[in-house]
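A short worksheet on the structure shown next.
The values are calculated or read from the model by the stated rules, or taken from the named source; none is laboratory data. What you are looking at is a predicted structure, and each value in this text was computed from that prediction instead of being measured. Don't worry about glycine lacking a Cβ; one is built from the backbone with ideal geometry, like all the others, and counts go over all protein chains shown.
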Amino acid sequence: MPGIWEADTSTFPEALAPGAEWPTDPPGNMTDEDVANEDGMSAMIASTYWLCTWERAYLDAFEKQDIEGQHAALEQIDKFPELPAVQAHFPDAHLWLESVVGPVRAGEGPSTIEEDFHGLTCNSLSDFNGANQ
């Protein structure tokens, strides 16, 4: 599985948020013995890692009151439903986008992105190099 992870991250169609790097090793559940991983799992985890780097970038920009940084991060987050692995394995990603990013764009503050970042979406990636700090 490490070879698949390297292939998926080295050819990922979008850049990570500034300062973020791809983890060299895949998450532990992808390398456990006697575990069969579904096709596309590596690419979907890479897509989620990418998303989490941009959610973190948005929250950092919000804390710094960096309006341009917030807009730049939201523009990237908006791409999540269009990523190839997401389209193949998360057909309702547009509903996720509406529920997580919609309120932020409506001026309701960062709480939905905070919840997503600190909740199940990014929390499972905490063993990676800073996806969820």
Check your understanding: Does Pro23 count as at pLDDT 90 or above, touching a Phe, Trp or Tyr at 6+ places or on another chain (Cβ under 8 Å) and surrounded by fewer than 20 Cβ atoms within 10 Å (Cβ to Cβ)?
Key -> no
**Study point:** Selected residue (criterion: surrounded by the fewest Cβ atoms within 10 Å (Cβ to Cβ)) from residues of the stretch 50-85 that are within 19 Å of Thr11 (Cα to Cα) and in contact with a Phe, Trp or Tyr (Cβ under 6 Å, 6 or more places away or on another chain)
**Key:** Gln76
Exercise for review: Could you pull out the residue among Met30, Met44 that is surrounded by 15 or more Cβ atoms within 10 Å (Cβ to Cβ), at pLDDT below 95 and closer than 15 Å to Thr121 by Cβ?
Suggested key: Met44
Practice item. Name the helices (runs of 4 or more DSSP H) wholly inside the stretch 55-126 in which the number of residues that are free of Cβ contacts under 8 Å to residues at least 24 places away in the same chain and over 29 Å from Pro26 (Cβ atoms) is 3 or more. Key: 67-77
